[in-house]
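The structure under discussion appears below in the form of structure tokens.
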Amino acid sequence: MTAPSTRITPGLAGVPTHVDVVVIGLGVTGAGVALDAAARGLSVLSVDAHDLAFGTSRFSSKLVHGGLRYLASGQVGIAHESAVERGILMETTAPHLTRPLPSIIPLSAGVSRPMGTLAGAGFLGGDLLRRAAGTSGDTLPRPRRLSAAETRRIAPPLRTDGLRGAYLGWDGQLEDDARLVTTIARTAAEHGAHVRTHARVVAATGREVRLRDELTGATATVATRTVVNATGVWAGDLVDDVRLRPSRGTHLVLRAETLPGLDVAVFAPIPGETNRFVLVLPQPDGQFYVGLTDEPADGPVPDVAEPTEVEIGFLLDVVAASFARPLRRADVVGAFAGLRPLLDSGPGEGDSTADLSRKHAVLTSPTGVVTIVGGKLTTYRRMAEDAVDAAVAHAGLPAGPCLTATLPLAGAAPRAALADRAAQADHPGTARLVRRYGADADLVLAAARAASGWTEADLLAPLAEGIPTVAAELFFGVTHEGAADVADLLDRRTRIGLVPADRALAVPAAERVLARCRNRRSTGETVT
């Protein structure tokens, strides 16, 4: 068996011929399975036909949920599990990739006093979940009622007619969901896992997988003691008995100037619903995400789901009622949709996918393939633990205990220390690297300098006007994170691709970085 690289690698060159575990799928759950298994001392090969975070994992609301929605629907166990996993992410494993997000439910003219009371009770219930999970009040402060004046001050764009105040609560927010996936995969590689992008599984049993390199067409067969299917909405393509009812969740992307001065998330109530909202979510780079829908996605599963104009109109209509400035279709500079891999429990489920449970399940096929389905991004670590437990038990593997609840991800450091470091940075690009890579910011810059031969000033300069991403991020995406093409760099290692106009501006920079890395490899120069 070949020695693993500490980096993510595209394609099949040097792939091992025998491993303990093959993990299929490199979304958040698959990356989590690879890390869990490798940390237990197992040899691991983790593959994806496309790329890290290619599917659902990059199309979330970028939230680390504490389970409030599940509590409201009576799913107490799932709510508690979410709160526990949120605390682990924010305080132990990924403080560098998470931050507290203040959120308000405005008590506007369209929110009756009974509805307002129910909303306040929901926030209090969420705080009870936080305390039961053992998450510090310093990480997520307690909720409180705001006066109308306080509400106007922290959320200037709100409609003020009839505004009675708001309830303020706190939840977790990710720097970026695809960055979380990439960081988990990097951590898995650092613990010995072989992590390969652009490596498609063409056939699999519990003892063997056949692979095709999507970059070169080369093939390979890998013997294994167990296989974990973590392909999300595509799980049924590998295992016939898996039954899912995919649900499409759509988000809109707005520019910062659309809602100036808004630094808190806003819950806009959906007319006729008592506990469903459309969320307006401020993002680290100044954009806003507005979402999300919950629509059945019937028919064949596409590689990338597309938002519909009906969903876009619905989101705009709901949100517009909460803000003074009318929101128009022209304000939408991007839109994205992901497919939730919801379990189909058969007869007795409601017609709406919103009624389906977000619980996860581990299933073992007659051929020995262990499939993990359902669930949600926040609980990826627990899902991975359950999947590895099942795989270890089924194959009789000599594995150690699960370590991931206390295992920091690559770059992890105390949030306050990173904030101080970013504040003291002598260049905005350096502060950005600290924000997105934590304690690995120096590694990113050093790797980019070695791979490019460029000056630090060039590596820390924004790629284009209005695009804060810096060239060092792209170089690191190639050298350490398995990016093989422009789409990998712009759509997943960075999220520039969420706004098509920005993507077009950044394509030349991505092509220059890829060409530079190829040229230096071809001349034998160091690119690490």
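The values are calculated or read from the model by the stated rules, or taken from the named source; none is laboratory data. Owing to the predicted nature of the structure, the values given are computational and were not obtained by experimental measurement. Neighbour counts are summed over all protein chains in view; Cβ atoms, including those assigned to glycine, are modelled from backbone coordinates with ideal geometry.
Here are a few things to note about the model shown:
- Matching residues in segment 397-436 - criterion: being aliphatic (A, V, I, L, M) and outside any helix (DSSP H, G or I): LEU397, ALA399, LEU403, LEU407, LEU409, ALA410, ALA412, ALA413, ALA425
- Selection of segment 241-281 for residues being without any contact (Cβ under 8 Å) to a residue 60 or more places away in the chain and closer than 23 Å to THR56 by Cβ yields ILE270, VAL278, VAL280.
- Complete set of residues in segment 466-490 that are in contact with a Leu (Cβ under 9 Å, 6 or more places away or on another chain) and either surrounded by fewer than 22 Cβ atoms within 10 Å (Cβ to Cβ) or among the β-branched types (Val, Ile, Thr) (or both): GLY466, ILE467, THR469, VAL470, VAL478, ALA484, ASP485, VAL486
Matching residues to (1) part of a helix (DSSP H, G or I); (2) over 21 Å from the mean Cα position of the chain (by Cα); (3) crowded, with 20+ Cβ neighbours inside 10 Å:
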{"residue": "GLY236", "(1), (2), (3)": "yes, yes, no"}
{"residue": "GLU273", "(1), (2), (3)": "no, yes, no"}
{"residue": "VAL280", "(1), (2), (3)": "no, no, yes"}
{"residue": "VAL290", "(1), (2), (3)": "no, no, yes"}
{"residue": "GLU306", "(1), (2), (3)": "no, no, no"}
{"residue": "PRO326", "(1), (2), (3)": "no, yes, no"}
{"residue": "GLY338", "(1), (2), (3)": "no, no, yes"}
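- Any hit, segment 224-231, residues being under 30 Å from VAL19 (Cβ atoms) and surrounded by fewer than 24 Cβ atoms within 10 Å (Cβ to Cβ): yes
- Leading residue by the ranking (nearest to THR56 (Cα to Cα)) among those in segment 1-25 that are part of a strand (DSSP E or B) and either hydrophobic (A, V, I, L, M, F, W, C) or within 22 Å of the chain's Cα centre (by Cα) (or both): ILE24
- Restricting segment 26-46 to residues that are part of a loop (DSSP other than H, G, I, E, B) and hydrophobic (A, V, I, L, M, F, W, C), the residue that is farthest from the chain's Cα centre (by Cα): LEU42
- Subset of segment 15-49 [more than 21 Å from ASP485 (Cα to Cα), surrounded by 24 or more Cβ atoms within 10 Å (Cβ to Cβ) and among the acidic types (Asp, Glu)]: ASP36
- Taken residue by residue, segment 428-451 has at least one member that is over 25 Å from GLU190 (Cα atoms) and surrounded by 20 or more Cβ atoms within 10 Å (Cβ to Cβ).
- Options ARG248, ARG225; residue that is touching a Pro at 6+ places or on another chain (Cβ under 9 Å), basic (Lys, Arg) and in a strand (DSSP E or B): ARG248
- Segment 238-271, subset within 24 Å of the chain's Cα centre (by Cα) and polar (S, T, N, Q), residue modelled with the highest pLDDT: THR250
- Residue check, GLY122 among the small types (Gly, Ala, Ser), over 23 Å from the mean Cα position of the chain (by Cα) and on the phi < 0 side of the Ramachandran plot: yes
- LEU52 passes every criterion in (1) of a type in the set (A, V, I, L, M); (2) touching a residue at least 60 places away in the same chain (Cβ under 8 Å); (3) under 23 Å from ARG145 (Cβ atoms) apart from (3).
- A count restricted to segment 184-222 and to residues that are crowded, with 19+ Cβ neighbours inside 10 Å, of a type outside the set (A, V, I, L, M) and part of a helix (DSSP H, G or I) stands at 2.
- One residue stands out in segment 410-429 among those that are over 19 Å from LEU445 (Cα atoms) and touching a residue at least 40 places away in the same chain (Cβ under 8 Å): the one that is farthest from the chain's Cα centre (by Cα), namely PRO414.
- Hits in segment 308-324 (condition: surrounded by 15 or more Cβ atoms within 10 Å (Cβ to Cβ) and either touching a residue at least 12 places away in the same chain (Cβ under 8 Å) or farther than 18 Å from ALA268 by Cβ (or both)): THR308, GLU311, ILE312, PHE314, LEU315, LEU316, VAL318, VAL319, ALA321, SER322, PHE323
- The criterion of at least 3 residues that are in contact with a Ser or Thr (Cβ under 8 Å, 6 or more places away or on another chain) and buried (at least 23 other Cβ atoms within 10 Å of the Cβ) is met by the following helices (runs of 4 or more DSSP H) wholly inside segment 50-165: 76-88.
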